[in-house]
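For reference, the structure discussed in these notes is given below.
The values are calculated or read from the model by the stated rules, or taken from the named source; none is laboratory data. Predicted, not measured: the structure shown is a model, and the values here were computed from it. Here Cβ is always computed from backbone atoms with ideal geometry, including for glycine, and neighbour counts include all displayed protein chains.
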Amino acid sequence: MLNNLFDNKYLSIIAGPCALESQEQVEQVARCLKLLGLHFIRAGIFKPRVSPYSFQGLGKKGIGILSSVASYYKLKTVSEVTDNNSLQLLSYKVDILQIGTRNMTNYSLLKDIAKATEINHKPIIFKRGMSAKISEYLSTLEYLKVYGNENIILCERGIRTFEDSTRFTLDISAVPVIHSLCKYPVCVDVSHSSGNSKYVFDLAKAAVACGADCLMLEVHPNPKQAKCDGKQQLDLDSFKLLIEEIKPIAKAVGKTII
Ligand code: PEP
Ligand code: MN
């Protein structure tokens, strides 16, 4: 069932806060997703932060909150595995495991995630390393395959270039290039790539127009109060508007938004 939701006739939307901060926060997002008829909620519980003084996520306590809210609203959950400890805690509690850009080259973690999911083939969102060429990215994904789980969704999330007017440079060419090289669905994360909510609408439209199978968006009931990535998160009204605005584009490329 979950695998079919990443079929190329759909545009799957994965949205939610950068970090899970409270039950109330995640409930507001879940309610909004449900009203829009969407299926996936994301929320970081273990946060890989550049500074050890920044909010590191709610940890263990957040897992119960995400699971209970998602099960009430019948949503599938996505959360990032940052290390072996979070793998043990998340592997049975979330529906889709995310591997972040900073761990694309953590080969031992990739092996462990693949082995932990080799029986249930739980979907894995495997993000492109911020400095990885597509050839390196696709070569590294073989670790997941070889160690037992080929149920992979690739995710372009922006790369490091000389350009600093956005947080990263969204490599939109990655969508058709990856599609031409392999069979895996391609997700585009328009929040971490842009780093700024004012560019999210246009980048989301571009991603859908060039064939993305999935969009990842950070959404927060009150982005100004967010504990991380506030600048790039959409509030709920903007998110609803974005979904309306991408509908005709999704339709034009033969995809239904789910
Ligand atoms: C995230 O999606 O929460 C995240 C940290 O993304 P990335 O690994 O792309 O920076
Ligand atoms: Mn974030």
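Screening Ile41, Ile14 for residues that are out of contact with any helix residue (DSSP H, G or I) (no Cβ under 9 Å at 6 or more places or on another chain) and within 16 Å of ligand 1 (Cβ to nearest atom) leaves exactly one candidate, Ile14.
Evaluate the stretch 218-229: report whether one residue or more is buried (at least 20 other Cβ atoms within 10 Å of the Cβ), away from ligand 2 (no atom under 15 Å from the Cβ) and part of a helix (DSSP H, G or I). No: zero hits.
Do we have Leu89 as more than 16 Å from ligand 1 (Cβ to nearest atom), in a helix (DSSP H, G or I) and over 15 Å from Val219 (Cα atoms) here?
yes
If you check Glu245 against the conditions, is it over 17 Å from the mean Cα position of the chain (by Cα), closer than 18 Å to Cys32 by Cα and at pLDDT 95 or above?
Working: over 17 Å from the mean Cα position of the chain (by Cα): yes; closer than 18 Å to Cys32 by Cα: yes; at pLDDT 95 or above: yes.
So Glu245 passes the test.
Note on the stretch 197-221: residues that are within 16 Å of ligand 1 (Cβ to nearest atom) and either over 18 Å from the mean Cα position of the chain (by Cα) or under 18 Å from Lys47 (Cβ atoms) (or both) amount to 5.
Counting the residues of the stretch 152-166 that are crowded, with 20+ Cβ neighbours inside 10 Å and in a loop (DSSP other than H, G, I, E, B) gives 2. When Gly100, Gly158 are screened for being within 12 Å of ligand 1 (Cβ to nearest atom), at positive phi and not β-branched (Val, Ile, Thr), only Gly158 passes.
Under the condition of being out of contact with any Ser or Thr (no Cβ under 8 Å at 6 or more places or on another chain) and polar (S, T, N, Q), the residues counted in the stretch 152-190 number 3.
Of the residues making up the stretch 222-233, those that are within 14 Å of ligand 1 (Cβ to nearest atom) and touching a strand residue (DSSP E or B) at 6+ places or on another chain (Cβ under 9 Å) are Ala226, Lys227, Cys228, Asp229, Gln232, Gln233. Checking the structure you have, find out if any residue of the stretch 189-196 is without any contact (Cβ under 8 Å) to a residue 40 or more places away in the chain and at positive phi. Yes: the stretch 189-196 contains one or more residues that are without any contact (Cβ under 8 Å) to a residue 40 or more places away in the chain and at positive phi.
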